[in-house]
């Protein structure tokens, strides 16, 4: 699918009605362990934004997390690989199968679904719309909600009406061109800030980073102490390097008042030091509208920066080359 059309497909993705095969084999669980890498780890992470009270662990590594066996046995392990061929996820499947742990699988196909069918493991086969994993978060998140049996949340996804924010994305892209974007948010929205970073990394092929309040006020903030300090060499270096960054604050009115105050003060301090700062309000009628509106804005921003640089936004040749080398 053309990249621009893929970005626009997000609204349609949220209308997806996933089918859980062998769902009757799943018991009731209060703890969920997601195994996923890259774009396939973003949707599980976003579940922590939509419902922070859920007991969720996202494992981005080979095998299974180092947890006591009794914890693994009482958790549902959800193997989430968009392609179905992610090496780390397949290794986790093999380990879970040998240890007879409760598992479910989500993918568009590949080896993962083949193994799930052979072993009668509960699974969802998402439709293959020829999307990059980072652009298929609507499909993936709704599929994961189905595995978690969160029907109310699925209904909220169906109610999402995404605004037309392509122009807003194009304007922000102009401001970010030539800078390294740094995305800041509350800890609660940290997975959302991280998703912005990933989208910029993969779509634009440029560095981008993310961090969360209040932790960043205790360390990272000091790395941008340009201007206003002594004229020592350290401050001169900081001033020189700091000019390369452009900060994007994801502001949520439901964040803790003390976090909102920290954001306001940090933004002012940065602006006083002549650093570039944009504040983007998370808006929507429910939490999923906030999440997906922000994600689509990130996609438009990334697309238009790539267009400015004459870069193919769908090119992942570096990742493919790395896979061949290993």
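Restricted to the range 180-296, the set of strands (runs of 3 or more DSSP E) holding at least 1 residues that are in contact (Cβ under 8 Å) with a residue 60 or more places away in the chain comprises 180-186, 245-251, 276-281. With the condition kept exactly as written, say whether any residue in the range 31-39 is closer than 24 Å to residue 295 by Cβ, in contact (Cβ under 8 Å) with a residue 60 or more places away in the chain and part of a loop (DSSP other than H, G, I, E, B). No, the range 31-39 contains no residue that is closer than 24 Å to residue 295 by Cβ, in contact (Cβ under 8 Å) with a residue 60 or more places away in the chain and part of a loop (DSSP other than H, G, I, E, B).
For a quick check of your reading of the model, give me the residue pairs whose first member lies in the range 74-87 and is not assigned by TED's automatic domain parsing to the domain that holds residue 43, whose second is part of a loop (DSSP other than H, G, I, E, B) and surrounded by 22 or more Cβ atoms within 10 Å (Cβ to Cβ), with beta-carbon atoms closer than 7 Å and at least 6 apart or on different chains. Qualifying pairs under 7 Å: none.
Residue 148: touching a strand residue (DSSP E or B) at 6+ places or on another chain (Cβ under 9 Å), at pLDDT 95 or above, over 20 Å from residue 301 (Cβ atoms) and in the same structural domain as residue 52 (by TED's automatic domain parsing), yes or no?
On the way: touching a strand residue (DSSP E or B) at 6+ places or on another chain (Cβ under 9 Å): yes; at pLDDT 95 or above: yes; over 20 Å from residue 301 (Cβ atoms): yes; in the same structural domain as residue 52 (by TED's automatic domain parsing): yes.
It is true that residue 148 is touching a strand residue (DSSP E or B) at 6+ places or on another chain (Cβ under 9 Å), at pLDDT 95 or above, over 20 Å from residue 301 (Cβ atoms) and in the same structural domain as residue 52 (by TED's automatic domain parsing).
Being modelled with pLDDT of 95 or more, under 22 Å from residue 1 (Cβ atoms) and outside any loop (DSSP other than H, G, I, E, B) narrows it down to one of 141, 79, so name that one.
Result: 141 is the single residue among 141, 79 that is modelled with pLDDT of 95 or more, under 22 Å from residue 1 (Cβ atoms) and outside any loop (DSSP other than H, G, I, E, B).
Which of the residues that make up the range 40-66 are without any contact (Cβ under 8 Å) to a residue 24 or more places away in the chain and under 21 Å from residue 99 (Cα atoms)? Passing the criteria: only 66.
The values are calculated or read from the model by the stated rules, or taken from the named source; none is laboratory data. Treat the numbers as computed from the prediction; the structure is a model and nothing was measured. Cβ atoms come from the backbone with ideal geometry, glycine included; neighbour counts cover every protein chain shown.
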